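Values in this text are rule-based calculations from the coordinates and carry no lab data. As the structure is a prediction and not an experimental result, all values here were calculated from the model. Note: ideal-geometry Cβ built from the backbone for every residue, glycine included; neighbour counts use all protein chains shown.
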Amino acid sequence: MADSYSYVKGGKLKLKGSKHKKHKKSSKRKHEDDEGKAGASSIDRTDVDLHGGWWTVSKFGQVTGNVCIELADRRYMFAKDNGRFVLGPQREAGPEPEEILTAVKIDETKVAFKSGYDQYISVDSGNTVVGRSVAIGTKEQWEPVFQEGEMALNGCNGCFLSADEDDDIVCINKTVGDREKIHIRCNLSLEVDPKAAIPVEERGSLKEAEINYVKKFQSFQDRHLKISSEDRTQLKKARVEGTLHETLLDRRSKMKADRYCK
């Protein structure tokens, strides 16, 4: 079984960030930067040390990359080679390779989890959590739920993930009790740039984002920028829904201002 997990990489993930020139920041930009760092500054470092550097996520955007699911004190969801999951023994230095998952974002509320055996996690007909899927479908979608500093994980059957009396991982209760309260832990560097996952073109205001994309894709046949005069209200909605890039493309297409939209 250990050989099957030989490719699971432990340790912290290192993200390569781009360097930026120093500019005088406005109070608004400073507020945004402080807000982005709030998650790291509020993390209990003692708790992190007790879990081998793995810290508890507190919002949906942090459920990414290498993660583990803690269902009891330093006891994590453990993948077996038959596709089943059990509650592992208490660890002294963070999760073992069999307890490390890869979180894959699906949309703004749902994620999928892949085990070290390269199989996606789902809930079978008996409400047991298994990792036997080679692709993401409706059964492989999970919804992290955060409320008042606690969290739970809702499965495709409308029930929350927990460990039963035999330490098997199941989804059987539609309400959250003590067994359903979990911690998803991540080992991403606490110093990672909170904007690293945002395209460079979209890191400013919506007006700046639109101009950046026009400059990037316009054919410049007449040497003039062609910016849509339509109201930007739809862009605000698109940014929240995660469809900003597509909406900007549509606006450029209407202006015939994109060499890929002709």
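Other residues within the sphere of radius under 12 Å centred on the Cβ of ALA112, judged by their own Cβ, net out at +1 (K and R +1, D and E -1). Pairs spanning more than 29 Å between alpha-carbon atoms, out of LYS215/LYS236; LYS110/LYS216; LYS181/LYS236; LYS114/LYS237: LYS110/LYS216; LYS181/LYS236; LYS114/LYS237.
Think of the stretch 131-189 as a dipole: +1 on every Lys or Arg Cβ, -1 on every Asp or Glu Cβ, centred on the Cα centre; then among MET151, ASN187, THR138, THR138 lies furthest on the positive end.
If we sort 115-121, 92-98, 132-138 on the protection proxy, mean other Cβ atoms within 10 Å, highest first, what's the order?
Details: 115-121: 20.1, 92-98: 17.9, 132-138: 12.0.
In descending order of packing, they fall as 115-121, 92-98, 132-138.
Judged by the mean number of other Cβ atoms found within 10 Å, the most tightly packed of the peptides 122-130, 62-70 leads the ranking 62-70, 122-130.
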